[in-house]
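For reference, the structure is listed below as structure tokens.
Read the figures in this text as sums done on the coordinates, not as results from a lab. All values reported here derive from a predicted model rather than from experimental measurement. No Cβ is skipped: glycine too gets one built from the backbone with ideal geometry, and neighbour counts run over all protein chains shown.
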Amino acid sequence: MDVVKQQKALNRAVLAIKKGEVIICPTDTVYGFLARADNKKAVNKIYKIKNRPKLKPLPLFVSSIKKAKELAEIDKNQEKILKKYWPGKYTFVLKRKKGIKVYDGAKDTIAIRIPKNKTLNNLLNKINKPLVQTSVNISGQASLTKIGDIIEQFSKFNILVIDGGSLKTTKPSKILDLTKDKIKILRP
């Protein structure tokens, strides 16, 4: 495990992700596992590390609404909602555009978020690709917010960790489904 302080980590994180590696990075909610969404091997590594069921899709981080529109069908009403809550702590489930090849585990829908974290947004802009993301924990357990706990639990994996210090105890993003006429709250 390689741990680097947040301010020095951006270039190393870009290289790691471009090489198809998984990284751990603080987000605007909790620490997250991140990998390129178009790299099936890296995405599968996240599922393995977390012991997450393959039927449970992984949300994506993107850098802009324009990037979200490349992945999902977004009408004007949905775009208004997205602009109201992004960037921020909201993940939205949308109808996936046909032919989109990202390895997130879903078929007809796609869960997307634009985070509000400077380091993470810089990373997204430099990578210029969607990143799968999920909280740092073993599936079904609480998200880890203390860097020491993260290192202790995941040190056996070859992962670059961006050390943003211990985060305030917070919840993962809210998840809202926009695929129907009425907004459905999937995770409050």
Rounded to 10°, Cα long-axis angle of helix 40-50 versus longest principal axis of the chain: 70 degrees
Gaussian network model of the chain, springs between alpha carbon atoms under 10 Å - residue of ASP149, ASP75, ASP104 with greatest fluctuation: ASP75
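How high is the relative contact order of the chain, in percent, counting Cα pairs under 8 Å that sit 6 or more residues apart? If you can, show how the numbers build up before the last one.
Values: 377 pairs, mean separation 64.6, N = 188.
Taking the mean separation of contacting Cα pairs over the length of the chain, I get 34 percent.
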Principal-axis tilt of helix 76-85 within the chain, Cα atoms, nearest 10 degrees: 30 degrees
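Mind sorting LEU120, LEU176 by how few other Cβ atoms lie within 10 Å of their own Cβ, fewest first? Could the numbers behind the result be given before it?
Working: LEU120 27, LEU176 19.
Result, fewest neighbours first: LEU176, LEU120.
About its Cα centre, what dipole magnitude does the chain give when the only charges are +1 on Lys and Arg Cβ and -1 on Asp and Glu Cβ, stated in debye to the nearest 20?
Dipole magnitude for the chain comes out near 440 debye.
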Residue pairs, from the table LYS45/LYS83; LYS45/LYS66; LYS54/LYS182; LYS83/LYS146; LYS41/LYS126; LYS48/LYS118, whose Cα atoms sit over 26 Å apart: LYS45/LYS83; LYS45/LYS66; LYS54/LYS182; LYS83/LYS146; LYS48/LYS118
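Looking at the chain, send over the antiparallel percent of its DSSP beta bridges, to the nearest 5. Don't skip to the end; give the middle numbers.
Numbers: 20 of 32 bridges.
So the antiparallel bridges amount to about 60 percent of the total.
Taking the beta-carbon count within 10 Å as an exposure proxy, list LYS107, LYS50, LYS126 from fewest neighbours to most. Mind dumping the intermediate values first?
Values: LYS107 8, LYS50 20, LYS126 16.
With the sparsest Cβ surroundings first, the list reads LYS107, LYS126, LYS50.
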Nearest 10 degrees, 0 to 90: helix 118-127 Cα axis against the chain principal axis: 80 degrees
Positive-end residue of ASN51, ASN121, ILE74, charge dipole of segment 1-157 with Cβ unit charges: ILE74
Among (1) 19.2; (2) 16.5; (3) 18.1, the entry that matches Kirkwood radius over Cα pairs in Å as calculated here: (2)
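Just from its helices, what would the mean residue ellipticity at 222 nm be for the chain, if runs of 4 or more DSSP H residues each count -39500 (n - 2.57) and the sum is divided by every residue, rounded to the nearest 500 deg cm²/dmol? Working shown, then result.
Values: 6 runs with 59 residues, N = 188.
Computed ellipticity for the chain at 222 nm equals -9000 deg cm²/dmol.
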